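The values are calculated or read from the model by the stated rules, or taken from the named source; none is laboratory data. Computed from a predicted model, the values in this text were never measured in an experiment. Neighbour counts run over all protein chains shown; Cβ positions are idealised from the backbone, glycine included.
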Amino acid sequence: MSEIGKSVVQNNRLLAGICAIACIVLLMRVVPRFIASLYALYPESVLQQALQETDRPLSEEILHRSGADLDNALVWFASAEYWQNLAILHTLQENSLAISSEEDLLPKSKSEIINGLKLSPVDSFAWYSLATVDDLLGAEPESVLDSIRLSIYAGRVDQGLLLPRLALAFSYVGEFDEEMEALIKGQIRLAWAFQRQGLVEFTADQPDFLIWVNDALINSPDDSARFLHDLENFNQKNKPPRATE
C-alpha cells in the first residue's frame, strides 16, 4: 500500500474514532433524559388531573406511585421540573383529606422546591410555591415576601400567578416595604389588564384591598372608574337576599 493510501486509512480510522466517541457522548446525554422522561409520564398525567379536578382528592396509592416514579426519574436526570412536580405531589399528599400520615411532608416539599430552584433560579412558579409552603409552615413574613418578590421578578407578567401572588402577599400587607408596595401595585395594574374579573372578585371578597387598587390605578382615571363600576355591579349581583320576617 502506498504512503498516500496508508495516510487515507489512518485518517479514516481517526475520523471513525472521533465519530464513535461523539456518539457515545451523545448517548450518555440523551439516554438518561429519555429514561427519566418515561418515569415522569405517569406523575405528569396525575398532576394534570389533580389541577383539573381539584374537588377530587388523589388516592394514597396514586400519590405514592407518582412520587416513586419521580424519584426514579431524578436518579436518571436532575430536572428542575421533576423536583417541582415532586414538591407539588408531597404538598397534595399533605393536604389530602384521604390520607392520614404522621410524616410532615411540607419540609420535604420545601427542600424539593429549593433543589429545583438551584437548577432553574428564574422559575416564577417555583418561587411562588416556596412562598406558599413557607406560609403553611409558619415561616417569618420576610421569608414569604422575599419569595413572592423573586417570583414577581422572575415572571412579572405570568398571568396565572398574578392573582395568587396578590392574594398571598395581601395576607402580609402589614409587612410591606416601599419596594414591595411598588411591586404589588404593578401586579394590580397587570391583573386589571389581564385578569379583570378575577381582580374584581378578589376585591369584593377582600374589601380592604380596594384602597390598593385605587392607589394602583390613580394615574388612570378611566380604568379606576371602570373598576369601581364593575365592582359595584358585582356586589349588587351577589348581594345576599334580604332575610324575610
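In this structure, does Phe234 turn out to be out of contact with any His (no Cβ under 7 Å at 6 or more places or on another chain), buried (at least 17 other Cβ atoms within 10 Å of the Cβ) and among the hydrophobic types (A, V, I, L, M, F, W, C)?
On the way: out of contact with any His (no Cβ under 7 Å at 6 or more places or on another chain): yes; buried (at least 17 other Cβ atoms within 10 Å of the Cβ): no; among the hydrophobic types (A, V, I, L, M, F, W, C): yes.
Criteria not met by Phe234.
Wholly within segment 85-174, which helices (runs of 4 or more DSSP H) include no fewer than the required count, namely at least 1 residues that are within 21 Å of Leu47 (Cα to Cα)? So that I can check it myself, show each step before the final result.
Numbers: elements: 106-119, 124-137, 141-154, 159-170.
It comes to 106-119, 124-137, 159-170.
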**Q.** Filter result for the condition that a residue is assigned by TED's automatic domain parsing to the domain that holds Val31, surrounded by fewer than 14 Cβ atoms within 10 Å (Cβ to Cβ) and more than 19 Å from Leu117 (Cβ to Cβ), over Leu51, Leu63, Leu58
**A.** Leu51
Q: Sort through Gly138, Gly160 and tell me the only one that's at pLDDT below 95, over 30 Å from Ala73 (Cα atoms) and out of contact with any Gly (no Cβ under 6 Å at 6 or more places or on another chain).
A: Gly138
(Q) For segment 120-154, which positions are surrounded by fewer than 17 Cβ atoms within 10 Å (Cβ to Cβ) and among the polar types (S, T, N, Q)? (A) Ser120, Ser143
Q: Please name all residue pairs, on different chains or six or more residues apart, with Cβ atoms under 6 Å, provided the first residue is in segment 34-58 and is touching a residue at least 40 places away in the same chain (Cβ under 8 Å) and the second residue is part of a loop (DSSP other than H, G, I, E, B) and not basic (Lys, Arg).
A: Ala36/Phe77; Ala50/Leu58; Pro57/Ser96; Pro57/Leu97; Pro57/Ala98
**Q.** Residue that is nearest to Asp123 (Cα to Cα) [pool: residues in segment 66-86 that are crowded, with 18+ Cβ neighbours inside 10 Å and of a type in the set (S, T, N, Q)]
**A.** Gln84
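Taking segment 175-189 only, how many residues are part of a helix (DSSP H, G or I), touching a residue at least 12 places away in the same chain (Cβ under 8 Å) and either of a type in the set (S, T, N, Q) or under 21 Å from Thr132 (Cα atoms) (or both)?
Residues of segment 175-189 part of a helix (DSSP H, G or I): 175, 178-189.
Next, from what is left, pick out any that are touching a residue at least 12 places away in the same chain (Cβ under 8 Å): 175, 179-180, 183-189.
Filter again for either of a type in the set (S, T, N, Q) or under 21 Å from Thr132 (Cα atoms) (or both), leaving 175, 179-180, 183-188.
Residues flagged as part of a helix (DSSP H, G or I), touching a residue at least 12 places away in the same chain (Cβ under 8 Å) and either of a type in the set (S, T, N, Q) or under 21 Å from Thr132 (Cα atoms) (or both) within segment 175-189 amount to 9.
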(Q) Go through segment 40-66 and report how many residues are of a type in the set (S, T, N, Q) and not in a helix (DSSP H, G or I). (A) 2
Q) Do you know which of the residues in segment 55-91 that are within 16 Å of Ala131 (Cα to Cα) and of a type in the set (A, V, I, L, M) is modelled with the lowest pLDDT? A) Ile88
